[in-house]
Amino acid sequence: MGMITLVLVESSLSRLPDWARRKDIISNYKKIYGKPYDVLDVNAIPPRMRKMVGEKEGRPDIVHRALLSITDHPLYSMGRISLYMHTVEERIFSFSPSIRPPRNYLRFLGLMAELLREGWVGESRETALIREVDLTLEEIADGSILLDESGEFLNPISFLKSLNEGKFIVGCFPHGEFSEKVERLAKFKLSLHRGTLSSSAAISMLLSYAYYKEVWDP
């Protein structure tokens, strides 16, 4: 198997909607995080208003952990992973192989606020570490393998050996099912565990199996 393409789909990352720009919510952000960030985070929304947050919204911490799981992995430093992020707002971002997301969550929120506002982060748009791209989800994820607990529970090493290339879809949202749009893009559903896995755990398992296959059992 050559390059692995990872597409984080329906990622729970978006700017503050108009209803969340009230003074009391901004004050709550300051109380919890020290200053307001233009990123919707359900933890900073007062409990009485959390029903206004969609089931796939308001959890940038899930995206943070998923990105750390990917960029911490040896396969990423070996240049074997192509990484894209699709958000709940249908925006598509491409990641440079040299990106190292902040480990500190507050710094991550600041980086994501800049990314969502400007469409890129880095020294310049031309050399951006993360940039918004003019691609559709179909163009980057059609024919992918969807990691899903309802998928087939197979020997992952044997399965990876059968692939000429690896294109995988991983959900990055807290609740709910994949949209029909995402389901249609998958040519196969793969389960790595007979139960629920967090996005970061599923990613870590997949990449570790791929690393074993690449290094120890080619």
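The values are calculated or read from the model by the stated rules, or taken from the named source; none is laboratory data. Just so it is clear, the model here is predicted, and its values are computed rather than measured. Here the Cβ positions follow ideal geometry from the backbone for every residue, glycine too, while neighbour counts run over all protein chains shown. To get the accessible areas, we keep the full protein, side chains included, count just its heavy atoms, and leave off ligands, DNA and RNA. Shrake-Rupley method; radii C 1.70, N 1.55, O 1.52, S 1.80 Å.
Values for this structure:
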| read-out | value |
| --- | --- |
| Residue tally, condition within 14 Å of the chain's Cα centre (by Cα) and open to solvent by 30 Å² or more (accessible area, probe 1.4 Å), over the stretch 73-93 | 6 |
| Any hit, the stretch 130-139, residues being surrounded by 15 or more Cβ atoms within 10 Å (Cβ to Cβ), over 21 Å from Tyr76 (Cα atoms) and under 15 Å from the mean Cα position of the chain (by Cα) | yes |
| 2 or more residues within 30 Å of Lys30 (Cα to Cα) and in contact with a strand residue (DSSP E or B) (Cβ under 7 Å, 6 or more places away or on another chain): qualifying strands (runs of 3 or more DSSP E) within the stretch 107-218 | 130-132 |
| Condition check for Val7: in a loop (DSSP other than H, G, I, E, B) and either open to solvent by 50 Å² or more (accessible area, probe 1.4 Å) or closer than 30 Å to Asp142 by Cβ (or both) | no |
| Hey, Val9 under 19 Å from Pro174 (Cβ atoms) and outside the structural domain of Ser162 (by the TED database) or not | no |
| Out of Ile32, Ile99, Ile70, sole residue that is outside any loop (DSSP other than H, G, I, E, B), closer than 27 Å to Ala210 by Cβ and not charged (D, E, K, R) | Ile70 |
| Complete set of residues in the stretch 43-66 that are buried (at least 18 other Cβ atoms within 10 Å of the Cβ) and without any contact (Cβ under 8 Å) to a residue 40 or more places away in the chain | Ala44, Ile45, Val53 |
| Residue match in the stretch 113-122 (condition: more than 24 Å from Gly58 (Cα to Cα), at pLDDT below 95 and either surrounded by 15 or more Cβ atoms within 10 Å (Cβ to Cβ) or in contact with a Cys (Cβ under 8 Å, 6 or more places away or on another chain) (or both)) | yes |
